[in-house]
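The structure appears below as structure tokens.
The values are calculated or read from the model by the stated rules, or taken from the named source; none is laboratory data. Worth saying up front: this structure is predicted, and the values here are computed from it rather than measured. Neighbour counts are summed over all protein chains in view; Cβ atoms, including those assigned to glycine, are modelled from backbone coordinates with ideal geometry.
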Amino acid sequence: MNVIDLSEQMLSAYENGRFDLEKWKNYMSRCLPGAEALCLADMREVLDAGYSWEKDFLPVLNAVTQNADKREEAVASFRRVTETLDERITARFGKTVDADLVLYLGLCNGAGWAASVNGKPVVLLGIEKIMELNWCDVTAMTGLVIHELGHVYQEQYGVLRREFTARREKFLWQLFTEGVAMVFEQEVIGDPAFYQQDVDGWKQWCDENAALIRQSFCADLDGMTQDNQRYFGDWVRFHGHGDTGYYLGARFVRFLLEADAFDNIIGYGIEEVQAGFDRFLEARL
């Protein structure tokens, strides 16, 4: 694992405290060649979906310069978390992941994003989104970093990406892969009940409403789209609570672990995932 900290250069993307897209492009081309196009394409997709550059992007990006204490806390947490990360993963799974782990200034592409840059696995950690979500402390940063590495682990030792024509299969696969990353995160941390999202009673509510989340997700599957899904992402809500798909995914993969090993599960195809989900629907939560 290669840890890359681009925090010292990121303020070069600002002019008098205001974000400048052209300066950001220069920052990216210098510090992380190959990632600029990926971030821009993702940004344009979000804008095409109806979001506003002035209202939705700029306030998040400008906050990076406006809150130095929070920015410095995030940087310090990243450095602390990554000091012994290889050893922690190897201690639990007997092997580590081959990826670049990058703290950078993105375009609101996500607090964590497992991607590929120049053909190499990369985990992109966007400080602007980390600050917006207030995931700057060591506990939240630990969960975020290890979760994204869980996706890379599945890609390297199992199968992460599959193409589907049916939307039902696409979202069931997302539930499965997010569940794998959540369980990977919990296992490395050493706490099967750990969720970085657990703020203001989030986990207690999910525990008490687990059957409702499961039933609703199943009922939504056939008509689910990226625009109407209620389970994945900090911008959507299910009964007033975010990220419930990550909770349900973790419960699902924990259920699968009752009958199979983690390194076998991460190689499942959609048929095995669907069969496991059918059994999961009958299980007591």
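Taking segment 141-173, which residues are of a type in the set (Phe, Trp, Tyr) and either closer than 21 Å to Gln226 by Cβ or at pLDDT below 95 (or both)? Explain how you work it out, then say what you get.
Keep residues of segment 141-173 that are of a type in the set (Phe, Trp, Tyr), which gives 153, 157, 164, 171, 173.
Of everything in segment 141-173, those that are of a type in the set (Phe, Trp, Tyr) and either closer than 21 Å to Gln226 by Cβ or at pLDDT below 95 (or both) turn out to be Phe164, Phe171, Trp173.
Report the residue count in segment 152-167 for those that are part of a helix (DSSP H, G or I) and surrounded by fewer than 17 Cβ atoms within 10 Å (Cβ to Cβ). Before you say what the answer is, go through the steps one by one.
Kept after step one, since they are part of a helix (DSSP H, G or I), are these residues of segment 152-167: 152-157, 167.
Now restrict to residues that are surrounded by fewer than 17 Cβ atoms within 10 Å (Cβ to Cβ): 156-157, 167.
Here the count works out to 3.
Could you please let me know if Trp205 is aromatic (Phe, Trp, Tyr) and surrounded by 14 or more Cβ atoms within 10 Å (Cβ to Cβ)?
yes
Evaluate segment 118-127: report whether one residue or more is of a type in the set (Gly, Ala, Ser), at pLDDT 95 or above and part of a helix (DSSP H, G or I). Can you show your working first?
Going residue by residue through segment 118-127, those that are of a type in the set (Gly, Ala, Ser) are 119, 126.
The next check asks that each one be at pLDDT 95 or above; those that pass are 126.
Now drop any that are not part of a helix (DSSP H, G or I), which leaves none.
No - not one qualifying residue is present in segment 118-127.
Could you tell me whether any residue of segment 132-144 is in a helix (DSSP H, G or I), within 11 Å of the chain's Cα centre (by Cα) and either surrounded by 22 or more Cβ atoms within 10 Å (Cβ to Cβ) or in the same structural domain as Ala250 (by TED's automatic domain parsing) (or both)?
Of the residues in segment 132-144, the ones in a helix (DSSP H, G or I) are 132-133, 138-144.
Restricting the remaining residues to those that are within 11 Å of the chain's Cα centre (by Cα) gives 143-144.
Okay, now just the ones that are also either surrounded by 22 or more Cβ atoms within 10 Å (Cβ to Cβ) or in the same structural domain as Ala250 (by TED's automatic domain parsing) (or both), so 143-144.
Yes; the residues of segment 132-144 include at least one that is in a helix (DSSP H, G or I), within 11 Å of the chain's Cα centre (by Cα) and either surrounded by 22 or more Cβ atoms within 10 Å (Cβ to Cβ) or in the same structural domain as Ala250 (by TED's automatic domain parsing) (or both).
Would you check if there is a residue in segment 241-254 being among the basic types (Lys, Arg), within 20 Å of the chain's Cα centre (by Cα) and buried (at least 19 other Cβ atoms within 10 Å of the Cβ)?
Filtering segment 241-254 for residues among the basic types (Lys, Arg) gives 251, 254.
So of that shortlist, the ones also within 20 Å of the chain's Cα centre (by Cα) come out as 251, 254.
Remaining after also requiring buried (at least 19 other Cβ atoms within 10 Å of the Cβ): 251.
Yes, that holds for at least one residue.
Filtering segment 52-91 down to residues that are of a type in the set (Gly, Ala, Ser) and surrounded by 14 or more Cβ atoms within 10 Å (Cβ to Cβ), which residue is farthest from Leu6 (Cα to Cα)? If you could, list the steps in order and put the result at the bottom.
Just the residues of segment 52-91 that are of a type in the set (Gly, Ala, Ser), to begin with: 52, 63, 68, 74, 76-77, 91.
Going one step further and asking which of them are surrounded by 14 or more Cβ atoms within 10 Å (Cβ to Cβ), we end up with 63, 74, 76-77.
On the way: Ala63: 17, Ala74: 12, Ala76: 13, Ser77: 14 Å.
That would be Ala63.
When you scan segment 1-57, how many residues do you find that are among the acidic types (Asp, Glu), assigned to a strand (DSSP E or B) and over 20 Å from the mean Cα position of the chain (by Cα)? Talk me through it step by step, then tell me what you get.
Initially, segment 1-57 is screened for residues among the acidic types (Asp, Glu), giving 5, 8, 15, 20, 22, 36, 42, 45, 48, 54, 56.
Now drop any that are not assigned to a strand (DSSP E or B), which leaves 5, 15.
Now drop any that are not over 20 Å from the mean Cα position of the chain (by Cα), which leaves 15.
Final tally of qualifying residues: 1.
Just to be sure I understand, how many residues within segment 146-178 are of a type outside the set (D, E, K, R), in the same structural domain as Gln226 (by TED's automatic domain parsing) and within 11 Å of the chain's Cα centre (by Cα)?
Residues flagged as of a type outside the set (D, E, K, R), in the same structural domain as Gln226 (by TED's automatic domain parsing) and within 11 Å of the chain's Cα centre (by Cα) within segment 146-178 amount to 1.
When you look at Lys95, is it of a type outside the set (Phe, Trp, Tyr) and not in a helix (DSSP H, G or I), yes or no?
Working: of a type outside the set (Phe, Trp, Tyr): yes; not in a helix (DSSP H, G or I): yes.
Here the answer is yes, as Lys95 does meet what is asked.
Among Gly201, Gly245, which is modelled with pLDDT of 95 or more and at positive phi? Show your work before the answer.
Numbers: Gly245 fails: at positive phi.
Sole residue among the options that is modelled with pLDDT of 95 or more and at positive phi: Gly201.
Please find, within segment 212-228, the residue that is nearest to Gly276 (Cα to Cα) out of those that are modelled with pLDDT of 95 or more and polar (S, T, N, Q).
Gln215
Of everything in segment 204-256, what is farther than 17 Å from Gly143 by Cβ and either hydroxyl-bearing (Ser, Thr, Tyr) or outside the structural domain of Gly276 (by TED's automatic domain parsing) (or both)? Give them in sequence order.
Passing the criteria: Ser216, Thr225, Tyr231.
Here is a yes/no grid of residues against (1) under 25 Å from Asn264 (Cβ atoms); (2) in contact with a strand residue (DSSP E or B) (Cβ under 9 Å, 6 or more places away or on another chain); (3) part of a helix (DSSP H, G or I); (4) without any contact (Cβ under 8 Å) to a residue 12 or more places away in the chain:
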site: Asn62; (1), (2), (3), (4): no, yes, yes, no
site: Arg88; (1), (2), (3), (4): yes, no, yes, no
site: Ile130; (1), (2), (3), (4): no, yes, yes, no
site: Gly150; (1), (2), (3), (4): yes, yes, yes, no
